[in-house]
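Notes to accompany the following structure.
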Amino acid sequence: MSDTTDSFSEPYIELTDVVFSRDDRRIFDGVSLKIPRGRITAIMGPSGTGKTTLLRLIGGQLKPDSGSIILAGESVPDLKRKSLYQLREKMGMLFQSGALFTDLSVFENVAFPIRVHTRLPEDMIRDIVLMKLEAVGLRGARDLMPAQLSGGMTRRVALARSIALDPELIMYDEPFAGQDPIAMGVLVKLIRDLNHSMGMTSVLVSHDVPESLSICHHACIVSDGRIIGEGTPDELRNHPSAKVQQFLKGHPDGPVPFHYPAANAGNDWGIDGGGG
Amino acid sequence: MQWLADLGRQGRELIESLGRSGQFLAGFLLGVPNARVGFPLLVKQLYFVGVLSLAIIVVSGLFIGMVLGLQGYTILSDYGSESAIGQMIALTLVRELGPVVTALLFAGRAGSALTAEIGLMKATEQLSSLEMMGVDPLRRVVAPRFWAGFLAMPVLAAIFSVVGIWGGMLVGVEWLGVFEGSFWGNMQSSVSFTSDVLNGVIKSVVFGFVCAWIAVYQGYDCVPTSAGISSATTKTVVFSSLAVLGLDFVLTAVMFGDF
Ligand SMILES: Nc1ncnc2c1ncn2[C@@H]1O[C@H](COP(=O)(O)OP(=O)(O)OP(=O)(O)O)[C@@H](O)[C@H]1O
Ligand SMILES: [Mg+2]
């Protein structure tokens, strides 16, 4: 999948020296990242390093302490409420939890963004919704309520909802989590097709290294508040950094910490002089 | 000296949260409502907040009116003036019990439900996902619920008073045998529209505003966990009740206290 690097010349999203903290804890310590237009960019990294936080920063739900975030030529943190909401109409986001509206059926959930932002006639809305549900394999589940869905189904409905309006930018937060191998294959193909046919700029957050690397044009690995490795999938596979190699191959021992920052283990277990 | 620091911190937190709730209120009150989208949402919430509260309001109004009839009769008949019972029941209900008890019941029945619903939407990221879809949750979720509470309260209070008066009549006239003509006649001649009915309506409008505001703010501002939602729900009931009772004293002093 790896194209030549020069096609990445036009960034759709550009983060420069972004610093972000949460209750005294530094989550990002100077992250700079370019997300190319019309491409799939994968963001990978250990759990809890702030991948979801990064998406929320891009969507303007959180504001960085310093640094700039430019999306389609506009500085997201400086936008007024109204312009921010207008900008978001062009974005789709698949939440890690799905976040379906629990009082609406599957059909109405997917129809929701269409009803809010357009004035299409009812039969057209019906066609679009069924098409999107068909794409995730859940056309038959249209009358179920969110409480009646399994975790993986919830996420697929949420995916259908986030692409309902064919946004310019779509951010997927862990689309593959909880999917069986068949659904996973379908989703991989769907994400690739959406990018191909519509030219959607896609940001894919995922732990599934092989799947992500197989569809993305560009990937970066976040750890310890920084980008530790970035490039085309092939460049990453041959990356010299030990951290990157450890992450891609999933070795438990190495320079990337698996544990959330903690005090010396000896203190917690009450052993004198024990080493962490 | 620790308590002094604690007091200072609590005071600061209180002022901070007052400021935030004021900002929050301005956030959805100042937006221009879109009638095409807003009206159906408002109607739906009026049903949940208003219509579904009718049962508890009617039953409570009936019993309170009947109790007023009994108590009023025993007290007034000592002075041989049991014919003034209609006037007593009507004034008590219209001026005080109608607005106040309705507001207390409303806080328990509808306010807590609003808080829990908005809080749960926050905890399950439904509010976040609205934001990311370019839909402002303040206007889509909060505003219709606030307006529904605000509009429902005066109507519910009026229904409460009417049912209460009817309950008092049942006990006073039908059961204890007060002459029906003097029951209604006394009431008519002593209850003034401007000073009694209108002041009662003003009270319930104020209570509606405060209760609806507290309920939606507590939901929107809650800590998005199950413990956070449960504490927000409790706060809604406690703060609304205290605010209603405190404001009632102030309003009564201003309206009826011509010392
Ligand atoms: N609401 C919050 N308040 C305080 N800290 C938070 C909050 N949400 C997340 N964090 C912290 O921010 C850090 C990054 O969280 P984030 O959800 O972005 O991780 P993630 O990379 O998406 O992890 P995962 O892969 O497990 O989803 C975590 O260490 C977490 O403890
Ligand atoms: Mg995450």
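The values are calculated or read from the model by the stated rules, or taken from the named source; none is laboratory data. All figures in this text were calculated on a predicted structure; none of them were measured in a lab. Here the Cβ positions follow ideal geometry from the backbone for every residue, glycine too, while neighbour counts run over all protein chains shown. Note: areas computed on protein heavy atoms with side chains; ligands, DNA, RNA excluded. Shrake-Rupley method; radii C 1.70, N 1.55, O 1.52, S 1.80 Å.
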> Assuming a viscosity of 0.890 mPa s and a temperature of 25 °C, what translational diffusion coefficient in µm² per second does Stokes-Einstein assign to the stretch B:35-256, Rh being the Kirkwood radius over Cα pairs?
Replying inline: 132
> Once Lys and Arg get +1 and Asp and Glu get -1 on their Cβ, which of A:P181, A:G140, A:I163 lies farthest toward the positive end of the dipole of the stretch A:75-208?
Replying inline: A:I163
>> For peptide B:116-128, what's the mean number of Cβ atoms from other chains within 10 Å of each residue's Cβ?
In response: 3
>> Can you compute the modelled spin-label distance between A:S68 and A:D166, with each label point 7 Å from Cα toward Cβ, in nm?
In response: 3.3
> Can you give the calculated 222 nm mean residue ellipticity of chain A, where each DSSP H run of n ≥ 4 adds -39,500 (n - 2.57) and the sum is split over every residue, rounded to the nearest 500 deg cm²/dmol?
Replying inline: -10000 deg cm²/dmol
>> List residues of the stretch A:143-164, by number, whose backbone nitrogen lies under 16 Å from a label position 7 Å along Cα→C-beta of A:V116.
In response: A:158-164
> What's the FRET efficiency of A:E134 with A:K249 using the Cβ-Cβ distance as r and R₀ = 35 Å, to the nearest 0.05?
Replying inline: 0.40
> Please report, for the Cα atoms of chain A, the Rg to one decimal and the Dmax as a whole number; what are they, in angstrom?
Replying inline: 19.9, 72
>> At 37 °C and a viscosity of 0.692 mPa s, what translational diffusion coefficient does Stokes-Einstein give for the stretch B:1-148, taking Rh as the Kirkwood radius over Cα pairs? Give it in µm²/s as a whole number.
In response: 170
>> Given Cβ point charges of +1 (Lys, Arg) and -1 (Asp, Glu) and nothing else, what value in debye, to the nearest 20, does the dipole of chain A about its Cα centre take?
In response: 560
> Taking both sides together, what accessible area is buried at the A/B interface, probe 1.4 Å, expressed in Å² and rounded to the nearest 100?
Replying inline: 1800
> Which cross-chain or sequence-distant (5 or more) residues have an amide H under 5 Å from the amide H of A:G30, H modelled 1.01 Å from N in plane?
Replying inline: A:V18, A:V19, A:F20
> For B:S192 and B:E16, what does the FRET efficiency come to when R0 = 35 Å and r is the distance between their Cβ atoms, rounded to the nearest 0.05?
Replying inline: 0.20
>> Check which residues have an amide H placed less than 5 Å from A:A42's amide H, if you skip close sequence neighbours.
In response: A:L204, A:H217, A:H218, A:A219, A:C220
> Just the accessible area for B:I202, please: 1.4 Å probe, Å², rounded to the nearest 10?
Replying inline: 80
>> I'd like the orientation of helix B:2-29 relative to chain B: the angle between its Cα long axis and the longest Cα principal axis, in ° from 0 to 90, rounded to 10.
In response: 90
> Can you give the relative contact order of chain B as a percent, counting alpha carbon pairs under 8 Å and 6+ residues apart?
Replying inline: 32
> Can you give the Rg to Rh ratio of the stretch B:110-233, both from alpha-carbon atoms, with Rh computed by the Kirkwood formula?
Replying inline: 1.22
> Near B:S204, within a Cβ-to-Cβ distance under 14 Å, what is the net charge of the other residues, with Lys and Arg +1 and Asp and Glu -1?
Replying inline: -1
> Looking at this model, which pairs from A:K63/B:K44; A:K63/A:K249; A:K80/B:K122 are more than 30 angstrom apart at the alpha-carbon?
Replying inline: A:K63/B:K44; A:K63/A:K249
> Taking a spot 7 Å from the Cα of B:Q71 along the direction of its beta carbon, which residues of the stretch B:129-168 have an amide N less than 18 Å from it?
Replying inline: B:160-168
> Of B:A253, B:V43, B:L76, which is farthest along the charge dipole of the stretch B:35-256 in the positive direction, counting Lys and Arg as +1 and Asp and Glu as -1 at C-beta?
Replying inline: B:V43
>> If you fit an axis through the alpha-carbon atoms of helix B:35-49 and take the longest principal axis of the Cα set of chain B, what angle between them do you get, 0 to 90°, nearest 10?
In response: 60
> Given q = 0.06, 0.09, 0.10 Å⁻¹, what are the Debye log10 I(q)/I(0) values for the protein assembly as shown, with equal point scatterers placed on the Cα positions and solvent ignored?
Replying inline: -0.43, -0.79, -0.91
> Per residue, how much accessible area does chain B show when a 1.4 Å probe rolls over the protein heavy atoms, in square angstrom?
Replying inline: 49
>> Given an 8 Å cut-off on Cα distances and at least 6 residues of separation, report the relative contact order of chain A as a percent.
In response: 24
> A:K243: which lysines have alpha carbons under 25 Å from its alpha carbon, excluding same-chain residues fewer than 8 sequence positions away?
Replying inline: A:K34, A:K51
> Per-residue mean of other chain beta-carbon atoms within 10 angstrom of the beta-carbon, peptide B:88-97?
Replying inline: 0
>> To make sure I understand the rule: partners must be lysines, Cα under 21 Å from the Cα of A:K132, and not fewer than 8 residues away in the same chain. Which ones qualify?
In response: A:K90, A:K189
